[in-house]
1. Under the Kirkwood approximation applied to all pairs of distinct alpha-carbon atoms, what is the hydrodynamic radius of segment 10-111 in Å?
2. Report P(r) for segment 52-97: all Cα-Cα distances, bin width 5 Å, range 0 to the bin holding the largest distance, values in whole percent.
3. If I model a spin label at V30 and C116 as a point 7 Å from the Cα along the Cα→Cβ vector, what separation in nanometres do I get?
4. Mind putting a number on the dipole of segment 88-138 about its Cα centre? Charges go on the C-beta only, +1 for Lys and Arg and -1 for Asp and Glu, and I need it in Debye to the nearest 20.
5. Run through segment 80-138 and list the GluC sites (Glu not before Pro) located in a DSSP loop whose Cβ has at most 14 other Cβ atoms within 10 Å.
6. Tabulate in residue order the Karplus-calculated ³J(HN,Hα) for segment 102-111, using 6.51 cos²θ - 1.76 cosθ + 1.60 with θ = phi - 60°, rounded to whole Hz; enter x for Gly and Pro.
7. From the backbone phi of segment 65-74, what are the Karplus-calculated ³J(HN,Hα) couplings (6.51 cos²θ - 1.76 cosθ + 1.60, θ = phi - 60°) in whole Hz, Gly and Pro given as x?
8. So which cysteines of the chain have no other cysteine's Cβ under 4.7 Å from theirs?
Amino acid sequence: MTFPAPSADKKILEEGGVFTPKFDSHGLIVCVTVEASSGEILMLAYMNALALEKTLETGIVHYWSRSRNELWRKGDTSGQIQKVIDIRVDCDQDALLLRVEAGGDGKACHTGRKSCFYRQVEATPEGARLRIVADESS
């Protein structure tokens, strides 16, 4: 599957019916993944054209691992397969929102938590610090 190049015409890009994902200079598009049933943000990851193609073809989420520089089907090692419920694209088609049904124990984060967003940034007189606000790892 090949994706057409994004239109230079803003109206067509923003209001048209053609899916033309805008990949960055590294060939990636950002993807926010949420649990369909709760709306909770599970993770943020990236897809390249192959990952997006495999996701659309199989209904199982694939990502591109920037650290390992390889295609990654979520759940292959953890059992936490993410089944696509809905894929949305933002107005200028440079970000994706995936609504998924999380498999396995439903913990999307490699730390053993449900969400990768388990820490809050707090401004203190000594500087910014992190505080755990959600800990489902135990």
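1. 13.9
2. All Cα pairs considered, the percentages come to 5, 19, 26, 26, 17, 6, 1.
3. Those two pseudo-labels are separated by 1.2 nm.
4. Roughly 180 debye, rounded to the nearest 20.
5. Here the sparse-neighbourhood loop sites are E126, E136.
6. The phi angles translate into 7, x, x, 8, x, 8, 7, 7, 5, 7 Hz.
7. Couplings: 7, 5, 6, 9, 6, 7, 5, 9, 8, 4 Hz.
8. C31, C91
Values in this text are rule-based calculations from the coordinates and carry no lab data. Not measured: the values here are computed from a predicted model. Backbone-built Cβ (ideal geometry, glycine too); neighbour counts: all protein chains shown.
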